[in-house]
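Below is one structure, written out as structure tokens; the observations come after it.
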Amino acid sequence: MSSVLLVKNALCASARLDSLVKRCGFDRIEQSVSLSSLPQRLTGVVPDLVIIDVPSQEQDAVHILEELSQRRQLPPVLLFVRAGQTVLLPEVFCVARPMRISLLLPQIARRFPQLTESCEGLRSAAWQKSWTDKAKALLMQQKGWDEQTAHHYLEKQAMDQRIRRWQAAQNIVEAIKKEGEQQ
């Protein structure tokens, strides 16, 4: 059972965080409104992931996370910050607001591979991302395109066929493989 601890205040986008937790496939959600209660909360059962979105207290979050990291009590943390801010701790993944969830899931899967094993949503996002990466690499190799051109082609194929981007990528990879086999 995967668990997540949400640390947020009334000003943050609750719907975005709830959607993120749901899309990741976490089974249990616990919530803390206060950033200052985080150290006490982590002394009991430690969650698999902590998501912090407390815009008015970003500096406090950085200080508390550094302190917890020194005590080795810090699980993986997803910290929403203002653009340009970062926290240089291996357990902390800083995400600039605003961020589309569909783009965020593969990044979380890549940053915290241990979570990918237990979370269906992250596993699916990583799998879908692998198809798009394969398709872009093949298009770049075969057609001599740069990544941006390959990406736009992939998106256009998905829109034209009214399918998801990873499905268009899968179709492209299979078509290129068939083409290679015929030659």
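The values are calculated or read from the model by the stated rules, or taken from the named source; none is laboratory data. Just so we're clear, the structure is a prediction, and the values are computed from it rather than from any experiment. Using ideal geometry, Cβ is built from the backbone for each residue, glycine included, and neighbour counts are taken over all protein chains shown. What goes into the accessible areas is simple: the full protein's heavy atoms, side chains included, and nothing from ligands, DNA or RNA. Shrake-Rupley method; radii C 1.70, N 1.55, O 1.52, S 1.80 Å.
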- Rounded tilt (10° steps) of 58-70 against the dominant C-alpha axis of the chain: 90
- Take the solvent-accessible surface of the protein heavy atoms, probe 1.4 Å, and return the percent of it on the chain that carbon and sulfur atoms account for. 50
- Note on the structure: With only helices counted (DSSP H, runs n ≥ 4, each -39500 (n - 2.57)), the per-residue ellipticity at 222 nm for the chain, to the nearest 500, works out to -17500 deg cm²/dmol
- Accessible area per residue, 1.4 Å probe, Å², for the range 44-146: what's the number? 53
- Task: Set Lys and Arg Cβ to +1 and Asp and Glu Cβ to -1, take the dipole of the chain about its Cα centre, and tell me which of 145, 3, 159 lies farthest positive.
- Result: 159
- Modelled label-to-label distance, residue 102 and residue 45, 7 Å Cα→beta-carbon offset: nm? 3.5
- How far, in degrees from 0 to 90, does helix 165-182 lean away from the longest principal axis of the Cα atoms of the chain, to the nearest 10? 40
- Dipole moment magnitude, nearest 20 debye, the chain about Cα centre, only Lys, Arg, Asp, Glu C-beta charged: 360
- Note on the structure: Of the candidate values [x] 12.4; [y] 11.3; [z] 10.7, the one computed for mean projected area of the Cα convex hull in nm² from this structure is [x]
- Message: Using a 10 angstrom Cβ neighbour count of at most 14 plus a DSSP loop assignment to flag exposed trypsin sites (Lys or Arg not before Pro), which longest range of the chain is free of such sites?
- Response: 1-70
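Add +1 for every Lys or Arg and -1 for every Asp or Glu among the other residues with Cβ under 13 Å from the Cβ of residue 17, and state the total. Display every interim value, and only then the final one.
On the way: positive: 8, 16, 22, 23, 97; negative: 18, 30, 53.
Neighbour charge sum, excluding residue 17 itself: +2.
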- Task: Please determine, in degrees from 0 to 90 and to the nearest 10, the orientation of helix 120-143 with respect to the longest principal axis defined by the Cα atoms of the chain, where the helix direction is its Cα long axis.
- Result: 40
- Task: Within the range 162-179, which residues have the backbone N less than 17 Å from the label spot 7 Å out from residue 142 along Cα→beta-carbon, could you tell me?
- Result: 166-179
